[in-house]
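> Okay, here's the structure, questions in a sec.
The values are calculated or read from the model by the stated rules, or taken from the named source; none is laboratory data. Bear in mind the structure is a predicted one, so any value in this text is a computation, not a measurement. Here the Cβ positions follow ideal geometry from the backbone for every residue, glycine too, while neighbour counts run over all protein chains shown.
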Amino acid sequence: MDTHLVFVSKFRHKVFTVWHLTRMEAIMRHVCAGFQAELVEFNGENEHVPLLGTFPPKMAVARLVNSLKGVSSRHLRQEFPDLVRHYYQANKLWSGSYFAGSVGGAPLSAVKHLHPAAEPSRIRHCPGPDGPPSSGPHSRPEGRSTGPHPGSGCSGTR
């Protein structure tokens, strides 16, 4: 089964450098090999990591995800002490959530649209049903949106 996975750093901090990503890819390939899975493509960015893998169909993807995130977090935090400033409050490198989707053999470039986090220019901040968000003391920070509201006619993309 070909699966597209996306992991996001805790609090979406931009933590990963080329050195982190290079080591992370090696760690994740090793973990996949232990599950009789193959990491076909790795395309890490500074706050999220999209992966494309081939996994045995009777294997629980959640089990593999837990191992990938746990092992990579442990090794990266041990090998790169500079990551401490990004996870000191939560003591976790990864967000608790992840994306997993079956892609049927499509390359990662073809499924990039499945996770708009990889393409911030595609995200559109739509006004709610009552118009644009207020700029009062309880408004959301710049660049943050609650997403499209039902019935607003906003698709969420440009």
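> State all residues of segment 70-121 that are at pLDDT 70 or above and hydroxyl-bearing (Ser, Thr, Tyr); if no residue qualifies, say none.
At the first step, the residues of segment 70-121 found to be at pLDDT 70 or above are 70-85, 91-104, 110.
Those that are at pLDDT 70 or above and hydroxyl-bearing (Ser, Thr, Tyr): SER72, SER73, SER95, SER97, TYR98, SER102.
> I'd like to verify a number: residues in segment 51-84 that are outside any helix (DSSP H, G or I) and surrounded by fewer than 18 Cβ atoms within 10 Å (Cβ to Cβ), how many?
Initial filter on segment 51-84 (outside any helix (DSSP H, G or I)): 51-60, 80.
Still in the running and surrounded by fewer than 18 Cβ atoms within 10 Å (Cβ to Cβ): 54, 56-60, 80.
Final tally of qualifying residues: 7.
> For segment 1-24, name all the residues that are more than 13 Å from the chain's Cα centre (by Cα) and surrounded by 18 or more Cβ atoms within 10 Å (Cβ to Cβ).
Result: THR3, HIS20, MET24.
> Continuing with the same structure: State whether the residues of segment 36-50 include one that is assigned to a helix (DSSP H, G or I) and either in contact with a strand residue (DSSP E or B) (Cβ under 6 Å, 6 or more places away or on another chain) or not assigned by TED's automatic domain parsing to the domain that holds GLY104 (or both). Talk me through it step by step, then tell me what you get.
Of all residues in segment 36-50, those assigned to a helix (DSSP H, G or I) come to none.
Checked against the condition, which is being assigned to a helix (DSSP H, G or I) and either in contact with a strand residue (DSSP E or B) (Cβ under 6 Å, 6 or more places away or on another chain) or not assigned by TED's automatic domain parsing to the domain that holds GLY104 (or both), segment 36-50 yields no hits at all.
> Shifting gears a bit: Among all residue pairs at least 6 apart or on different chains, which show Cβ distances below 6 Å where the first residue, located in segment 64-79, is farther than 14 Å from HIS20 by Cβ and the second is surrounded by fewer than 18 Cβ atoms within 10 Å (Cβ to Cβ)?
Hits for this filter: LEU64/PHE35.
> Are any residues in segment 26-50 of a type in the set (A, V, I, L, M, F, W, C), crowded, with 18+ Cβ neighbours inside 10 Å and either in contact (Cβ under 8 Å) with a residue 60 or more places away in the chain or more than 21 Å from TRP94 (Cα to Cα) (or both), and if so, which ones?
Scanning segment 26-50 gives a single hit, ALA37.
> Could you grab me the full set of residues in segment 1-35 that are outside any helix (DSSP H, G or I) and either modelled with pLDDT of 95 or more or not polar (S, T, N, Q) (or both)? Steps first, please.
Within segment 1-35, the first condition is being outside any helix (DSSP H, G or I), and the residues that meet it are 1-9, 13-17, 35.
Within segment 1-35, MET1, ASP2, HIS4, LEU5, VAL6, PHE7, VAL8, HIS13, LYS14, VAL15, PHE16, PHE35 qualify.
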